[in-house]
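Below is one structure, written out as structure tokens; the observations come after it.
The values are calculated or read from the model by the stated rules, or taken from the named source; none is laboratory data. Since we're looking at a predicted model, the values are computed, not measured. Glycine also receives a Cβ, built like all others from the backbone with ideal geometry; neighbour counts cover every protein chain displayed.
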Amino acid sequence: MILFFAILGFLLVLFIALISVAYTVRNLSEMSLPSVFEVDDAVEWISERLPEEAASQLRKDEVFEIIGLWLDSLDSAGLASEYGQEIGEGRTKGDNEDSVADLDIAVDEVVAKSLDLPEPLNEVAVVVVLDLLIVYLTEMGAIGSQPTEKR
């Protein structure tokens, strides 16, 4: 009789464990993974897709510098975050709850900063890099309405 209850208890525990695992797997499969922006990957991706005219005027370190200026612009707008932090988490209570960056203002700011560098960059090439950066961020799911699924 004890053997019967031991087997029944074992089967009950096994059934509960399987249900718990299945429930957790289902919940995790419905969650989208966070998009993590790796600057080095973005520099490589953008450098490979630069048109010839812009590529002839920019080196990879300058593309890196343009992306850094863009990130500084996002940070000053309150749209940058550290890993594990929600966007805009550091804002004060008086700030607007919905932070939206005006791309034209951000591009103008980055172009102006790139012209103030010791070696000024071509403003058209800077805009091309920023355009490709937006495409990169959209494709990786960091910006836009729905993140894209990795297949």
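Among residues of region 22-47 that are over 22 Å from residue 125 (Cβ atoms), those with a Cβ under 6 angstrom from a residue that is modelled with pLDDT under 90 and outside any helix (DSSP H, G or I), sequence gap 6+ or separate chain, pair up as 32/147; 35/140; 35/141; 35/142. For the residues 101, 106, the requirement of being under 18 Å from the mean Cα position of the chain (by Cα), surrounded by 13 or more Cβ atoms within 10 Å (Cβ to Cβ), modelled with pLDDT under 60 and not aromatic (Phe, Trp, Tyr) singles out 101. Restricting attention to region 109-142 and to residues that are acidic (Asp, Glu) and part of a helix (DSSP H, G or I), the residue that is surrounded by the most Cβ atoms within 10 Å (Cβ to Cβ) turns out to be 109.
When 63, 21 are checked against the criterion of being touching a Ser or Thr at 6+ places or on another chain (Cβ under 9 Å), assigned to a helix (DSSP H, G or I) and either under 30 Å from residue 142 (Cβ atoms) or not assigned by TED's automatic domain parsing to the domain that holds residue 111 (or both), 63 stands alone in meeting it.
What about residue 4, is it assigned to a helix (DSSP H, G or I), exposed (fewer than 10 other Cβ atoms within 10 Å of the Cβ) and modelled with pLDDT of 90 or more?
Answer is yes for this residue.
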